[in-house]
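Heads up, the thing below is written out as structure tokens.
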Amino acid sequence: MLVGTYNPLLVVISYVVAAFASYVALDMAGRIAASDGWASRSWLVGGAIAMGFGIWSMHFIGMLAFQLPIPQGYDLAVTLYSLLIAICSAAYALNVIAGRDLPARKLGVAALILGTGIAAMHYVGMEAMHMQPGIDYHAGWFALSIVIAIVAAGAALWIAFSLRREGAGVLRARGLAALVMGVAVVGMHYTGMAAARFPEGSICGAAIAGGISPQWLASLVGATTFAILGMALTTSILDRRLQERTALLGDSLKKANQELTYLALHDNLTKLPNRLLLEDRLEHAIRRAVRNGHRFALLFVDLDGFKAVNDAYGHPVGDRLLLQVARHLTAEIRAEDTLARLGGDEFVVLADIREPGDAAALAEKLLETVAMPVQIEGGDLHVTGSIGVAIFGADGTSARELMANADAAMYSAKDQGRNAYCFFEPSMNRGAHAELALIQDLRRALALEQFTLAYQPKLRAPDGPLVGVEALLRWHHPERGLVMPDTFIPLAEKTGLILEIGRWVIHEACRQLMEWRAQGRTVPTVSVNLSATQFRSPGLLGKIKEALARHGMPPSSLVLEITESTAMHDPEASLVILQRLSALGVQISIDDFGTGYSSLLYLKRLPASELKIDRAFVKDLVAGSEDAAIVSAIIALGRTLNLSVIAEGVETAAQQHLLTELGCTSLQGFHFGMPGDAAAIGARL
């Protein structure tokens with residue numbers, strides 16, 4: 001027998017190639033598992049080529065490490081055929097581990113097929129030498145090599161399947177597994193080589209026939225193998241990093257989308273469901289009620305006096321109040337119920353009930369909860385709530401009906417004195433629709449020139465001369481007739497239309513005064529009432545300047561009347577506004593004096609020129625009465641502060657006489673003439 005020897009360097013290289021190929025195979029398995037569709041099939045094809053080439057090259061480098069004392073060569077066609085067997089075997093292996101599971105029976109069959117394929121590749125590769133006479137194989141070693149191939153294939157399949165998923169520590173585990181798999185593959189090869197027997201006088205037919213020389217084959221196999229495995233591994237690593245970045249970006253986008261969805265469905269301040277989410281849950285509750293016969297109630301909760309808290313303490317304190325109220329309400333409802341915030345100080349509760357009495361009990365509990373004191377810097381805040389209740393079925397079967405009816409019931413609770421709850425009644429809706437219609441007409445009234453000003457003279461006590469006129473707003477509705485201010489002014493305040501209407505009143509009053517003066521009539525001043533919204537609007541000063549400049553009117557001829565409650569609501573802020581108005585040269589009158597709770601400390605600082613006694617003290621005025629004492633005190637206060645004092649609502653000669661005796665500066669009322677339009681008043685001047 002010919003005795004062969006091994007090149008130690010090539011043996012080591014063959015193991016390195018085996019371990020490298022094993023690692024690439026494991027990595028490719030991970031890429032296939034992490035992909036799907038076309039990408040997965042592409043990785044399967046590429047992985048099969050890289051893995052097959054790696055296993056094949058390991059065997060041929062191992063064969064090249066074996067040197068006989070005769071010339072050696074290899075038939076190219078047979079060599080390529082053995083490569084094809086290696087690639088097909090690798091494709092089968094990767095396809096198996098790409099499956100969802102790998103039960104023992106499937107693993108055994110796959111190990112048998114893959115191990116047989118690897119053994120076939122090895123022994124076909126040996127046949128590429130065309131030894132004459134043929135290679136004689138030792139039966140025991142031959143069988144052992146096949147067993148090793150099958151066992152190694154099974155182990156490789158199980159390891160690759162177990163490590164195919166990406167995760168922490170997987171790369172290190174693959175590296176260790178590749179070293180072990182390399183030992184198994186090399187062990188199979190050199191066991192097969194040990195089975196080969198070369199009789200004395202054997203010649204290598206491939207060398208004689210001009211086959212591939214070992215040196216050239218070594219260079220070709222080595223360079224090609226490392227190039228293919230290197231490119232495959234590099235591509236795999238780059239793809240993994242790209243996939244990791246894509247996954248990270250996807251997670252970030254998913255998280256951002258979840259946050260955006262949350263923000264879109266929840267109130268930014270309280271984190272409660274907002275109107276959009278409430279409507280969705282309300283629709284769901286309606287479908288469930290129709291399907292299963294369940295009952296539920298919708299409760300509108302509005303905080304009483306919240307605007308006053310905001311104005312007095314500022315929005316930060318108002319926000320803290322809303323947060324505390326939201327927490328208190330959340331603690332009082334069941335987990336299956338919904339508490340939502342619609343905006344401002346409006347909350348809505350959607351709750352399952354068995355009977356209307358359950359809704360009443362819940363409303364009472366919510367009222368008690370809202371009334372709980374809220375601690376802020378410097379003390380406790382107390383607010384109350386008004387609640388409107390609508391029951392599904394009786395008060396509506398659609399989300400729109402229930403929302404509208406609960407809202408109407410809530411306003412009815414406010415009208416009844418607040419800190420109360422009301423169940424919806426059809427009459428409430430009629431009132432709400434009537435109010436809505438009036439608001440729509442009010443929006444058009446200014447453009448349609450339905451507003452006019454009436455003027456009421458103000459005389460120096462007891463009976464003249466004229467010291468000015470007060471402009472009184474009137475709405476001449478084409479269908480309703482004359483609509484008085486106490487009907488439409490609250491609606492104008494509520495909708496914000498008061499700002500545009502107030503601007504028109506100021507311009508019209510200034511224009512009319514200058515027209516009278518142009519006609520030679522003596523009218524010292526014209527008084528205009530400012531609502532609370534107008535008084536606090538940022539553009540007030542500019543509107544006053546604009547009106548005075550446009551009509552060429554001296555600022556001192558304009559008197560702005562502000563109610564005592566408006567001026568004292570936020571005294572410091574009011575003082576700043578009044579000082580700016582006074583700096584323009586206009587006069588300031590404190591209207592309805594005596595009905596509020598003025599602080600003398602602030603009152604003496606206000607740049608007012610006049611106090612106006614409220615008509616409530618004049619209506620039943622007789623000598624020696626409590627009203628007379630109050631009027632006398634107001635007049636004395638006015639004198640002390642160097643302010644003129646005017647009484648409104650004078651309707652009798654007795655009132656005129658007594659007010660004059662008490663020291664009132666000026667008088668105004670029906671006793672001196674009813675308010676009239678500009679033409680009528682002009683004729684009387």
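Quick note: the coordinates plus some simple rules give every number you see, no bench work behind them. If you're wondering where the values come from, they're calculated on a predicted model, not measured in any experiment. Cβ sites come from the backbone with ideal geometry, for glycine too, and all protein chains shown count toward neighbours.
Each of PRO356, ILE498, ILE146 was placed along the dipole of the chain (beta-carbon charges, centred on the mean Cα), and the one lying farthest toward the positive end is ILE146.
Electrostatic bookkeeping for LEU667 treats Lys and Arg as +1 and Asp and Glu as -1; over the other residues with beta carbon under 9 Å from its beta carbon, the sum is 0. Report note on the peptides 119-128, 583-592: ranked by the mean count of other C-beta atoms within 10 Å, highest first, their order is 119-128, 583-592. Applying both filters, DSSP loop and at most 10 other Cβ atoms within 10 Å, to the chymotrypsin sites (Phe, Trp or Tyr not before Pro) of segment 545-645 gives TYR597. Within the chain, the selection of entire DSSP H helices by a Cα span of 27 Å or greater along the long axis and an average Kyte-Doolittle value of at least 0.5 returns 8-34, 37-65, 76-97, 104-127, 139-162, 170-195.
Converting the Cα gyration tensor eigenvalues of the chain into ellipsoid dimensions via √(5λ) gives semi-axes, longest first, of 103, 28, 21 Å.
Put +1 on the Cβ of each Lys and Arg and -1 on the Cβ of each Asp and Glu in the chain; which of GLN258, ALA623, ALA371 then has its Cα farthest toward the positive end of the dipole? The one lying farthest along the dipole's positive direction is GLN258. Magnitude of the charge dipole for segment 275-424, about its Cα centre and with charges confined to Cβ atoms of Lys, Arg (+1) and Asp, Glu (-1), is about 380 debye. Counted by Cβ distance under 12 Å from ILE391, the other residues give a net charge of -4, where Lys and Arg count +1 and Asp and Glu count -1. For the pair segment 303-330 / segment 599-655, the C-alpha centres are spaced 36 Å from each other. Look at ARG605, ARG354 and count the other Cβ atoms within 10 Å of each Cβ; fewest to most, that gives ARG354, ARG605. Net charge dipole, the chain: roughly 2140 debye, given to the nearest 20, about the Cα centre with Cβ charges of +1 for Lys and Arg and -1 for Asp and Glu.
Legend: P(r) of segment 438-684 from all alpha carbon pair distances, 5 Å bins from 0, whole percents, reading 1, 6, 14, 17, 19, 18, 14, 8, 3, 1, 0.
Each Lys or Arg adds one and each Asp or Glu subtracts one; over the other residues with Cβ under 12 Å from the Cβ of ILE681, this totals 0.
Of LYS458/LYS543; LYS271/LYS414; LYS307/LYS604; LYS307/LYS543; LYS255/LYS494, which sit over 30 Å apart, Cα to Cα? The pairs that break the limit, which is 30 Å between Cα atoms, are LYS255/LYS494. Panel order for SER582, SER14, SER22, by other beta carbons found within 10 Å of each beta carbon, from fewest to most: SER582, SER14, SER22.
Between LEU685 and GLU661, the simple spin-label model (points 7 angstrom out along Cα→Cβ) gives 3.5 nm. If R0 is 22 Å, the Cβ-Cβ spacing of VAL576 and LYS307 corresponds to a FRET efficiency of close to 0.65.
The modelled label-to-label distance between LEU276 and ARG521, using points 7 Å beyond Cα along the C-beta direction, is 5.8 nm. Over segment 275-424, the reciprocal of the mean inverse Cα-Cα separation, the Kirkwood hydrodynamic radius, stands at 15.5 Å.
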